[in-house]
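Presented below is the structure to which this report refers.
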Amino acid sequence: MSDLLGFVLSGLVSGALYALLATGLVLSYSASGLFNFAHGATAYLCALAFHELRSGFGWPAVPTALLLVSVAAPALGWGLDRLMFRKLARVGESAQIVATIGLLVALPALGLWVVELLEDAGAPVVPAENQFGLPGVGPNPATSWQPADGVGVDSDQLITWLVTAAVALGLWILMRHTPLGLRLRAAVDNRTLVELRGMSADRLSSVAWMLSSGLAGLAGVLATPLLGLSAHDFTLFLFVSATAAVLGRFLSVPLAFAGGLGLGVLQNLVAGYAGFAERITGFRTAVPFLILFAGLLLLTRRQRTAGTAAVDAPPVDYLAGRPWAHRCGPWAVAAVLLATAFYTVTTPFWSGILAQGLALSLVFVSFTVVTGLGAMVSLAQATFVTGAALVAGLLMSHGWPFAGAALAGTCAAALLGALVALPALRLGGRSLALATLALAFLADQVLFQMGWLRNGDTGWEIPRPVAGPVDLSDDRAMGVALVVLVTAVVAALGALRNSPTGRAMLAVRSAPAAAMASGVSVIRTKLLLFTLSAGLAGFGGVMYASFNTRVTATDFTAMTGLIWLAVAVAAGVRRAQFAVVAGLVFAAVPHLMADYVTDSAHLPVILFGLAGLALANDPDGYCAAVSVRRHRRRAKAGTATSGTSPGTAPGTPPGRDTAPRAPDGPNPATRTPNGPRETAGSGGSRGEVPPVLALRHLHAGYDGTPVLHGVDLTVRPGEIVALLGPNGAGKSTTCRTAAGLLTPGRGHVYVAGRDATRDGAVRRARAGVVLAPESRGVFPALTIEENLALHLPDRDARDAVYERFAGLAARRGVTAGSLSGGEQQLLALAPLLQRPPKVLIADEPSLGLAPRVVDEVFRLLAELRDAGVGLLLVEEKAAEVLGIADTVAYLAQGRLAWCGPRSEVRADRLTEAYLGMAADGGTDDGRAIEEAGRQP
C-alpha cells in the first residue's frame, strides 16, 4: 500500500507540471486557435533564467521566480504575439504548425547562446546545459516529510501541488465567470465575429498569450528540480502535456488540468507495476506517447467538410502557362553549373558540404510531397530516414549490394509510412502532426532500441556505391551523382503534379468534399501521398548515410526532423526546387557562420528555427515570395504606366467614377424615394437626414483581383436599402468593405459623416456599424446566455430579450451551435432590439430558413428600421425584400446598375439584373414582383 501511495504522490508532481503546461496550451489555443508547439521552449527559457539568476548571480529564489513568471514570461508572450502569432492566426494551419516548431527549435538555442555571451563577457554564470539536481523555489536543500511509512514528500513537491491547484482554480474562475474569459472563448469560436462585435481579437490574443506564457514560465521554474536544464526533456515534457490538452479537447481548462494529473499518476503506476515492460526497452518512457496517439484517435472530432469551398486553397501560380524554358530553364541551368562546379571551382571541403546538402535535399523533397501536395504536416520524416538507413545497413552487412539494400530500405520506409498513415489519416492539421510526432518518439524509444536493428552504438557501415567505372567514394563524383538524382526526382515530381493523379492530389488538398463528389478517393489519395513521401525520405536517408559511410540509431532523432521541417517549409514547400535550396542552405550556413560570424553551434540553430517567423508574412516560404513580389511589382508598374486601375475602363481618367448612372441622371447613391416618409428620430424627411453610411466611388477586391468598380451607395437613418443582384455581382464584398473586414483599394466609406475608410472592423463596430454575416452572427460554442451577455452586459436587457423570445428563454443554457438556423438568426438579431446600432448590414439574413421564420426575420428588420436604424440588406428573395425596402439598388459585375425608390422597381429591371434578359410583365413572376413593389 505504501508503494502505491508513493507512486501516486510522485506521479502527482509530474502530473501537476503536465497540468500547468496543458492548461497554458488550452488557454492560448482557446483564444487564438493556434497550437503552440514552442510552449515547452518558453518553459525552458524561464527555467534557464531562474537557474542563472539564482545560482549564478545570487538572486533570492522567490522574488526571482515571481519576476520571471509575472513579468518576463508574459512579456515574451506579448512580444511573440505581436511579432508572429497575431499574423499566424490568419494563415493556414500548416504554416502555424511549422512556425511554432521553428520557435521550439530556436528559443532554447537562443537562451544557451545568451549564456555563452555572458560567460565570454565575464558574468558570473554557471554551467547550464543538461544540468540536473538543481535547487527549486523552496529551501535548498529541500525539506522532507514522511507522512507514511516508506512515503516521502519534500518542500519542492508540496510547493508544486499548492501552486498548481491555486492556478487551476484561478483559471477556471477567469474563463467561466468573468467578462474577459467570455471574450477569450468567443475569440476562438469565431475571431472575425468578435471583431464585428467591437472587440479587438488582437488584444484578446495578446492577453491569452501573456497568460499562457506565464503558465509555461511557472511550469519551467517549478520543474527545475525535477527536469534539470535539458531542452530535450522540456520538449518531451511539452508533448506529454499535449496529451492532457487532447483530453480537454483543446478547449476545457478543467479537463486538461485533470488529464495532466491523471497522466502523471498513470505514468508512474505503469513504471512501477507493468512487469511486461521490463522486456521492452524504452516502453515505460513511451507510455505517454501511446496515450497521446490513442487520445488523438479516439477524442479528436472530425471536422465537417460538406459545403466548404476550400480547405487550403493554393496561391496563385504566376508562372502557370509560361513556356517550359521560362518555368524550369533557370533551375536546369543552375543544376548544370552546380555539377560543373564540383570539378572546377569548389575545394574538396566545399565539395563535401554541397554533396551533403544535395543528399539532404532528397529528404527535404519529401516535405514537398506530404505538405506541399497533401497539406499534411508529418513530424515523422526523420523516423523514415533512420528506418531506411538502418535496414539498408543491416542488409549490406549480410552481403547485399548497395542498390538492392537501398531499394529494400526505401520500401521499408514506405511501408512504415503507410502503417503510420493508416490510423492517423482520419485526423488533420495539428492532430495529425501530434500523432506523427508521437509515433516518431515511439520509434526512437522502442523500435530503434532493438539490438538486431540498431547494432549497438556503432550502427551499420554503409559504403558509397561503386558501379563499374563510376566510384562515388570521391566527394566530387558523389556530388555530381546526387545532382543527377535530385534533378530526376524534381522532374518526376513536376510530372506528377501535372498528371491526372497530381491534379487529384491538389483537389484533395484544396477541397476534399468537392474531390470526393468528383469520384476521387480522399483516403486513398492521402495514403498514397504519405507512402510516397515516406519512401522518398527513406531513399534520401540511405543516400545521406552513404555519404557519411555509417549510420546509427541516434543520427536522426525526432527532434532533428523538426529542424528539417522548419528549414524546408520556410524555404517553400510547394515546389521541389525550393527543397533543394533548403538542403543546400542547411548544409552550408553552419560552416559559413563558423568561418565569418561565430563558432557557436547555437547561432545556426537559432537562424534555422527563426526562419519559421517568415511564414507569418509569407506562408508559402521565402523562395516563393520572390516570384510573387516580382509579379506584384511588375503589375503595379504596368498599372502606373497605363494610368488606369484594375476594373477601370480604358481611356477613363484615373480617379473618375465609371459606375453607370441612374436612368434619370442623378448619382444613384443620392436618389431618394418620391414622397419622403417621416422616420423615427429624424425630425424631418429622409432627404434632410444625413446618411449614417455612405460608400463613395468604392473599388475593392481580393489579392489584386478587382470585384467592385466605383460603387456609390447611401443609407440613411430609418431606411432599408435593398442591394440586389446575381451571384458574383459583389454584394457580399460590398458588405465586407462597408463593415471594415476588407480595405478598399480606392474610394471612401463614411460612417455618420466621418471618413472611416481606414478603420478596421473593430472601430466600425464601435461606431455603430453591425454586420450580420451570411453564416449567422452567433458563437456556436457559447450558450444562448453567453451570446447575449457579449452584446448586453446588463441583465435587465437580457431579461427583456427573454420576455420577447420565449423560445430562447427556455433554452438559455444550450449552446448556440445546437439551435436551428432560424433560432440562431433570431439570437443574432434579438440583442439589436435592445441596443439598436446606427447601421445594420444584413447579408442574406433569410438564407436557409423556413418561410415562417423568414417572415419573423423581416418583421424584426422592419422593427429596427422603425427604431431609426439604417439597414443595408442583401437578399436573393427579391419579392420578399421589396415588401419592406425603401430604396433598391441593383449591382451587376461590381457596378451599381440602378438605384432608386421601391415604387419605381419594375419586373423587367429585376429580371434583367438577375438573368441578363428582359421579362414579360404579364408572367406570374412579373406580377408578383410588381405587386411587391406597390406594397406600402
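Observations on the structure shown:
- Whole-angstrom gap from the range 841-886 to the range 169-197, using each part's C-alpha centre: 30 Å
- 3J(HN,Hα) from dihedral phi, the range 883-899, Karplus parametrisation 6.51/-1.76/1.60, rounded to Hz, x for glycine, proline: x, 10, 6, 9, 10, 10, 10, 9, 10, 9, 6, x, 10, 7, 7, 6, 8
- Using a Förster distance of 22 Å, the FRET efficiency for C411-W452 (Cβ separation, nearest 0.05): 0.75
- Seen through its C-alpha gyration tensor, with square-root eigenvalues sorted a ≥ b ≥ c, the range 6-71 comes out oblate because a/c lies at 1.5 or above while a/b is not bigger than b/c.
- Using the Cβ-Cβ distance between W59 and M593 with R0 = 41 Å, the FRET efficiency computed as 1/(1 + (r/R0)^6) comes to roughly 0.80.
- Model label sites at R82 and V484, defined 7 Å from Cα along the beta-carbon direction, differ in position by 5.6 nm.
- With contacts taken as Cα pairs under 8 Å at a separation of at least 6 residues, the range 351-629 carries a relative contact order of 36 percent.
- R0 of 25 Å, Cβ-Cβ distance D866-A800: FRET efficiency to nearest 0.05: 0.90
- Listed residues A443, V385, G494: farthest to the positive end of the dipole of the range 351-629 (Cβ charges): G494
- Rounded, prolate or oblate (a/c below 1.5 giving rounded, otherwise prolate when a/b exceeds b/c) for the range 470-556 by Cα gyration tensor: oblate
- Cross-linked pairs K526/K731; K838/K877; K87/K877: Cα-Cα separations exceed 31 Å for K526/K731; K87/K877.
- Of interest is the spacing of the C-alpha centroids, which for the range 580-612 and the range 697-749 amounts to 48 Å.
- L118 paired with H748, simple spin-label distance in nm, labels 7 Å along Cα-to-beta-carbon: 5.6 nm
- Fully extended contour minus Cα-Cα distance, from S818 to A165, at 0.36 nm per residue: 231.8 nm
- Equivalent ellipsoid, the range 351-629 (semi-axes from 5 times Cα gyration tensor eigenvalues, Å): 28, 23, 19
- Extending 7 Å from the Cα toward the beta-carbon at both S499 and W172 defines two label points whose distance is 5.7 nm.
- Net charge of Cβ neighbours under 14 Å - reference G459; Lys, Arg +1; Asp, Glu -1: -1
- If the chain linking E876 and D471 were pulled fully straight, counting 0.36 nm for each residue of separation and taking away their Cα-Cα distance, it would gain 138.6 nm.
None of the figures in this text is laboratory data; all of them are computed from the coordinates on show. What you see is a predicted model; the values in this text were computed from it and never measured. FYI the Cβ positions are ideal-geometry reconstructions off the backbone, even for glycines, and counts take in every protein chain you see.
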